[in-house]
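What follows is a single structure, written as structure tokens, with notes after it.
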Amino acid sequence: MDKFTVTINGHTIEAKPGQSVLQTALDNGIHIPHYCFHPGLPVAGNCRMCLVEIEGVPKLQIACGTTVRDGMVVWSNNDRVRQAVRHVLEFLLINHPVDCPVCDQAGECGLQDYYMLVGRYDSRFAENKVVKHKKATPIGRWVMLDQERCILCSRCVRFTREITKTNEMAIFNRGDHAEIDVFPGGELRNRYSANIVDICPVGALTCRDFRFRCRVWYLKQAPSICPGCARGCNIAIHFNPERPHHAGGRRVLRFKPRPNPHVNAFWLCDDGRYSYPFIDDHRLRFAALREEGGVRQLYLKDALDRLADWLRASRSGRTAYLLSADSSNEELFAARKLLRDALGVRCLLPDTGLRTGDADDFLICEDKHPNTRGARILFGLGENDPVAPDRLEAGLGAELPELLLVNRADLPSPLRDKLLAAGTRLVFLGTNDNATAAAAHLVVPLVVFAEQAGTFTNFEGRVQKFELAVPPLGDAAPEWSVHQGLAERLGIDLAFPGPAAIFRQLTAEVDAFRGLSHESLTPHGAMIRHE
Amino acid sequence: MAKPKLNLLERLYLPEILRGLLITTRHHFANLTVHILHRVGLAKGKRGAVTFQYPEDPRPVARRLRARHRLMKRPDGSTRCVACMMCETICPAHCIYIVADEHPDPRIEKRPKSFDIDLGICVMCGYCVEACPEDAIRMDTYITETSSFTREGMLLTLDDLMNHHNEDNFPKHTSS
Ligand code: SF4
Ligand code: SF4
Ligand code: SF4
Ligand code: SF4
Ligand code: FES
């Protein structure tokens, strides 16, 4: 079918046949107020906020439920429409408690936003408000329901019906007694439940984890990739840069999904969403050296001196490196250049994050690392990789290594004990504290993904970019800068000037990544070349 | 700027000191005389210099004076503040630090777990009072003496803000 055009508010726009007027307007940067419409859900057309005037049609029409026609002329900003929309909003707010001071949605609330955009009337409602039954009722592990604040847009109902197909929610009763709830005795039992918090346009569904932690206007955002599994869902990291007295000093307070039609559409699983605390909790901030008589904290540069000495002393092929699939492509590439290519260190990828049987048919993957595919490509790993924990010992070779560098992973304790008993020097490069870090001879603190820029390759081979959100803690450094420091000390000519430059180097040297650039990764990532 | 040149008399120092003493003494006796005359009902038209015996004799202040903050209470004595952070947000000095908590009564929902104001930083602008949607914070205590030997001593806690030794002097609670 031919392309055709519609005119919205005087702008002539090319439209896709079959699309709604609302979607067409939104795609072209014209905002028409709406509540019940969500691009990821079927149209319900019940809130009436999206009323528009269509020339030739006597009554106002809902933009979400009207399909574009060629030559259609639409107005969403004239007085007739504005007045109608103001009255719709007034009706929606009739029984609303307006308890914004205690409402976590305040600051990102559709009612507040549209009141300022099209409302700004004085309340004319003199009667008593109908007060719904329940304030603050938990309806699942992550979600808090406040029936009083609900505007009955049914987005949450449609989400549980169409996306998770678990049907936990419904609208009960009729008229102004209608209220949203889970079925009696039930609760939200799907693994994507917190998405209904995101799509609820008001404060009826709020997050129990985020509850009263911080006001949303304190938060800043950085685009990133969820580190929770190999899917690589697109997220925005919401962090609180200026007021550390909130949330017990945690800087990162939540992950929110960013739409990406090729990966996660609009959604995020609960496991990934609530994996954020590791960014601030139990972090390794300073290098530590285990000596006779205890552990001593030392500067990163002294730790690198020490590690360079050890690498120099055991360059006999008896050094091994356990990679991490939590590292970015850039970090892995630096490790490959220095450890594998220049020093000939044996590199293994342990799979400490595989939860067999945990995957579902939607987003969740069994592999709980964001960059296993990248690690496999960059280190040319074969069928038997990653190495299962029980086969790690065999993977390390007949003789145990003299020097073992472990990146982030927690070794199985029998193997750890065996290594220590055999006199292996254990070096832990990592972000968070664990038993292996506690037992290591040398600890080198690394930054987490949120503290640097880089790329991950998801399980399908989609390379996606993430940005720096919060500054490094203490002495923690990106892995590539650790490798850079080691190269300098060992007199090896390698330069890693920063993640963007490393990515350019990587695309030039590694076939699978050839042709990619940071520009081509914006906004939805790009596929590697399949071998 | 060039220093003014002193003449010989000024450079001798003592004559200038004596001149200063003379001025002070003259004021002293002039005022003494005027005040004694006032006491016996004479010389009403002539004003003497005024000295207030502060702090024993506090000065009257304007009713709208913005002084040390207090947090208002509900009838049951608990704080009226719902930890909405409006005051914390508006404060241009960033000197309010509130940590929110769940209120045991679900109809109130939210309350401050801690509420600190650092008077060492506060600029007494009163924005926090204006911003509060609950009339929970006021600056009508008329407490103007807030000094401390340490910086920590300038921090008002929730307890300081709720409990005052001179509560009877404050304007009475008007319910909203
Ligand atoms: S849902 Fe929106 S309007 Fe209603 S109380 Fe919450 S912030 Fe205020
Ligand atoms: S709870 Fe939120 S998403 Fe669900 S119907 Fe009410 S307003 Fe809509
Ligand atoms: S008076 Fe002004 S500076 Fe002081 S706490 Fe209130 S808002 Fe902040
Ligand atoms: S503005 Fe009022 S209610 Fe809100 S936190 Fe401050 S004192 Fe409490
Ligand atoms: S968005 Fe169109 S009716 Fe709700």
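Just wondering, is there one or more residues in the stretch A:366-373 that are surrounded by 16 or more Cβ atoms within 10 Å (Cβ to Cβ) and over 26 Å from A:N434 (Cα atoms)? No: the stretch A:366-373 contains no residue that is surrounded by 16 or more Cβ atoms within 10 Å (Cβ to Cβ) and over 26 Å from A:N434 (Cα atoms).
Within the stretch A:24-48, which residues are under 21 Å from A:V157 (Cα atoms) and open to solvent by 20 Å² or more (accessible area, probe 1.4 Å)? Residues satisfying the conditions are A:H34, A:H38, A:P39, A:G40, A:P42, A:V43, A:A44, A:N46, A:R48.
Restricting attention to the stretch A:135-155, the residues being within 14 Å of another protein chain (Cβ to nearest Cβ), surrounded by fewer than 22 Cβ atoms within 10 Å (Cβ to Cβ) and either part of a loop (DSSP other than H, G, I, E, B) or β-branched (V, I, T) (or both) number 3. Among all residues of the stretch A:83-96, there is none that is under 25 Å from B:I98 (Cβ atoms) and modelled with pLDDT of 95 or more. Considering only the stretch B:81-115, state which residues are facing chain A (nearest Cβ under 7 Å) and touching a Gly at 6+ places or on another chain (Cβ under 9 Å). Within the stretch B:81-115, just B:V99 meets the criteria.
Out of B:H69, B:H94, one residue alone is open to solvent by 10 Å² or more (accessible area, probe 1.4 Å) and touching a helix residue (DSSP H, G or I) at 6+ places or on another chain (Cβ under 9 Å). It is B:H94.
Entry remark, the stretch A:384-402: residues being part of a loop (DSSP other than H, G, I, E, B), surrounded by fewer than 17 Cβ atoms within 10 Å (Cβ to Cβ) and over 29 Å from the mean Cα position of the chain (by Cα) number 4 in total. Scoring A:F456 on the criteria (1) within 24 Å of A:G293 (Cβ to Cβ); (2) assigned to a strand (DSSP E or B); (3) among the hydrophobic types (A, V, I, L, M, F, W, C) leaves a single failure, condition (1). Within this structure, B:D57 fails the test of being free of Cβ contacts under 8 Å to residues at least 12 places away in the same chain, open to solvent by less than 80 Å² (accessible area, probe 1.4 Å) and closer than 29 Å to A:L219 by Cα. Kindly indicate the residue of the stretch A:106-134 that is out of contact with any helix residue (DSSP H, G or I) (no Cβ under 6 Å at 6 or more places or on another chain) and more than 25 Å from A:G175 (Cβ to Cβ) and also surrounded by the fewest Cβ atoms within 10 Å (Cβ to Cβ) among those meeting that condition. Applying the filter and picking the extreme gives A:D122. Of all residues in the stretch B:131-147, those satisfying the criterion of being out of contact with any Lys or Arg (no Cβ under 9 Å at 6 or more places or on another chain) and at pLDDT 90 or above are B:A131, B:P133. Residues in the stretch B:43-54: is at least one part of a loop (DSSP other than H, G, I, E, B), away from every other protein chain (no Cβ under 11 Å), at pLDDT below 90 and in contact with an Asp or Glu (Cβ under 9 Å, 6 or more places away or on another chain)? No, the stretch B:43-54 has no match at all.
Yes or no, residue by residue, for (1) in a strand (DSSP E or B); (2) surrounded by fewer than 21 Cβ atoms within 10 Å (Cβ to Cβ); (3) modelled with pLDDT of 95 or more:
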residue	(1), (2), (3)
A:R191	no, yes, yes
A:D198	no, yes, yes
A:P201	no, no, yes
A:F210	no, yes, yes
A:W217	no, yes, yes
A:P223	yes, yes, yes
A:A236	yes, yes, yes
A:E242	no, yes, no
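Name the single residue, out of those in the stretch A:485-531 being farther than 16 Å from A:A334 by Cα, among the hydrophobic types (A, V, I, L, M, F, W, C) and part of a loop (DSSP other than H, G, I, E, B), that is nearest to the chain's Cα centre (by Cα). Out of the qualifying residues, it is A:L521. If I ask for residues that are of a type in the set (S, T, Y) and over 27 Å from B:D101 (Cβ atoms), which ones from the stretch A:124-162 would you list? The answer is A:S154, A:T160.
Does A:L51 qualify as being in contact (Cβ under 8 Å) with a residue 12 or more places away in the chain, away from ligand 2 (no atom under 16 Å from the Cβ), open to solvent by less than 50 Å² (accessible area, probe 1.4 Å) and under 24 Å from A:S154 (Cα atoms)? Spelling it out, A:L51 is indeed in contact (Cβ under 8 Å) with a residue 12 or more places away in the chain, away from ligand 2 (no atom under 16 Å from the Cβ), open to solvent by less than 50 Å² (accessible area, probe 1.4 Å) and under 24 Å from A:S154 (Cα atoms). Applying the set (1) within 16 Å of ligand 4 (Cβ to nearest atom); (2) among the aliphatic types (A, V, I, L, M); (3) surrounded by 20 or more Cβ atoms within 10 Å (Cβ to Cβ) to A:V68 leaves exactly one unmet item: (1). If you go through the stretch A:306-352 and pick out every residue that is touching a residue at least 60 places away in the same chain (Cβ under 8 Å), in contact with a Lys or Arg (Cβ under 6 Å, 6 or more places away or on another chain) and crowded, with 19+ Cβ neighbours inside 10 Å, you end up with 3.
Being of a type outside the set (S, T, Y), more than 12 Å from ligand 2 (Cβ to nearest atom), assigned to a loop (DSSP other than H, G, I, E, B) and more than 14 Å from chain B (Cβ to nearest Cβ) holds for only one residue in A:D122, A:D113, and it is A:D122. Of B:S78, B:S147, all but one fail to be free of Cβ contacts under 8 Å to residues at least 24 places away in the same chain, more than 12 Å from chain A (Cβ to nearest Cβ) and open to solvent by 30 Å² or more (accessible area, probe 1.4 Å); the exception is B:S147. Consider the stretch A:125-134 and keep the residues that are within 14 Å of chain B (Cβ to nearest Cβ) and over 14 Å from A:G203 (Cα atoms). The one that is modelled with the highest pLDDT is A:K129.
Can you pull out the residues in the stretch B:25-42 that are open to solvent by 90 Å² or more (accessible area, probe 1.4 Å) and part of a helix (DSSP H, G or I)? Within the stretch B:25-42, B:R26, B:H27, B:H28, B:F29, B:I36, B:R39 meet the criteria. Checking the stretch A:250-264 against the condition returns no match, with no residue being closer than 17 Å to A:N407 by Cα and either open to solvent by less than 30 Å² (accessible area, probe 1.4 Å) or in a loop (DSSP other than H, G, I, E, B) (or both).
The values are calculated or read from the model by the stated rules, or taken from the named source; none is laboratory data. Computed from a predicted structure; not experimentally measured. Virtual Cβ from ideal backbone geometry, glycine too; neighbours counted across all protein chains shown. Ligands, DNA and RNA are excluded from the accessible area calculation, which covers all protein heavy atoms including side chains. Shrake-Rupley method; radii C 1.70, N 1.55, O 1.52, S 1.80 Å.
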